Each structure stands twice: as structure tokens, then as C-alpha cells.
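The values are calculated or read from the model by the stated rules, or taken from the named source; none is laboratory data. Keep in mind it's a predicted model, so treat the numbers as computed, not measured. All Cβ positions, even for glycine, are placed from backbone atoms using ideal geometry, and neighbour counts span all protein chains on display. Quick note on the areas: whole protein, heavy atoms, side chains included, nothing else; ligands and nucleic acids left out. Shrake-Rupley method; radii C 1.70, N 1.55, O 1.52, S 1.80 Å.
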Amino acid sequence: IVDSLKISDLSWNAMQKMKPLYSSPLIINELINDPIAYEVEFNKMAKQNKMLVIGLETAEYQLNVLDKVSIEEQVEMLKIETYDTSPLEEFMTLIEIYKDQDINRMLEMFYEDTMMLKYEEELLIGRNQNWIPVIEKRIVNEPVFIAVGAMHLPGRYGVLNLLKQKGYTVSPVDIHD
């Protein structure tokens, strides 16, 4: 399988020590010629602008959330036959949808994935609701740039809607090249 995906030995060795779903970004990065790691770029921008970088939740909490998905189901989610298109094509489609700021289409794609939908409460809704008080505490005294995974943005329980319900104004950042 390593040869068929053209994954480097270094990445393969790193994947052996993590939960299956955490290996997905590594696989995608191996398949993309010129990967853009938005999280890395945002951290660089924050450092250059001397901005504080904080997490909305701890890594331990994230791991505990992922523990609610069995290892067997995580492996199944990574199998190529669970995709209508290749994981790379799906990822590139999500990037284009994100750049076009069509976040509702991202949510539609999420709802098409019945395996992930089963964990919507744990992976999205509950976490989004937990983040709102953390965000509110940070934005009281100064302007703040907040970056979350794209799937946390849309929908009734998305971070954007939850903030709007609290009376905040949110606006997108243009990320086109």
C-alpha cells in the first residue's frame, strides 16, 4: 500500500504512531505536488505580526473526541472504496469550495458522508459550542484573527452562525492567490 500511494518512508513511519484519521492529512500532503498548509501559513503570519496564538481546545481534548470513533471505523474512513472520488480529488474540491467561500457546499459534502455524519455532535457541534465562550473571552479587548477548520464554519451550529446569534459581526478573509 505504501508504494501504491507513493508515500515517503519518513511519512509512513510517522503514520505508524498515530490514530488512522490523523494520517489522512499526511497522505494528502504526499499526493499534492505543492501542498499549502494553511495552519502553518497562519502561524507564520501571526508570528510576523507579533500576534498571540492560542488554541480553542487542548490537544488532549481533540484526542478524546477522536477516541469516540473506533479504530476500525477510522480505518474504514480512510479506505479508497469509501470515496466517490479519490481522496486527493475530494480534498482539492474542498479547497476550491473553501476559496469560493461556498461553505454551505462543504456542509452538504459532510452530510453526504454517512460515516462522518454519525459523529457530527462530537466532531463539530459540541466543539463549536464549546469554542464560543473561549472566543468571546478573547475578543473583548482587542481585534482577533480566529482560524478554525473549514467544516466548523457552516450550518446552524457552525461557529459563524453561533457568533452571529450572540450579536457579533463576522466577515470572511479573501484567500485567493
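For the range 62-72, the candidate set comprises residues that are assigned to a helix (DSSP H, G or I) and more than 15 Å from E121 (Cβ to Cβ); within that set, the residue that is most open to solvent (accessible area, probe 1.4 Å) is E72.
Residues of the range 113-145 that are of a type in the set (A, V, I, L, M, F, W, C) and either over 27 Å from E72 (Cβ atoms) or open to solvent by 80 Å² or more (accessible area, probe 1.4 Å) (or both): W131, I132, V134, I135, I139, V140, V144, F145.
Does V148 satisfy the criteria of being over 16 Å from the mean Cα position of the chain (by Cα), surrounded by 12 or more Cβ atoms within 10 Å (Cβ to Cβ) and not in a helix (DSSP H, G or I)? Considered against the rule, which asks whether it is over 16 Å from the mean Cα position of the chain (by Cα), surrounded by 12 or more Cβ atoms within 10 Å (Cβ to Cβ) and not in a helix (DSSP H, G or I), V148 comes out as no.
Residues that are over 15 Å from the mean Cα position of the chain (by Cα), over 28 Å from E60 (Cα atoms) and at pLDDT 85 or above: does the range 90-100 have at least one? There is at least one residue in the range 90-100 that is over 15 Å from the mean Cα position of the chain (by Cα), over 28 Å from E60 (Cα atoms) and at pLDDT 85 or above.
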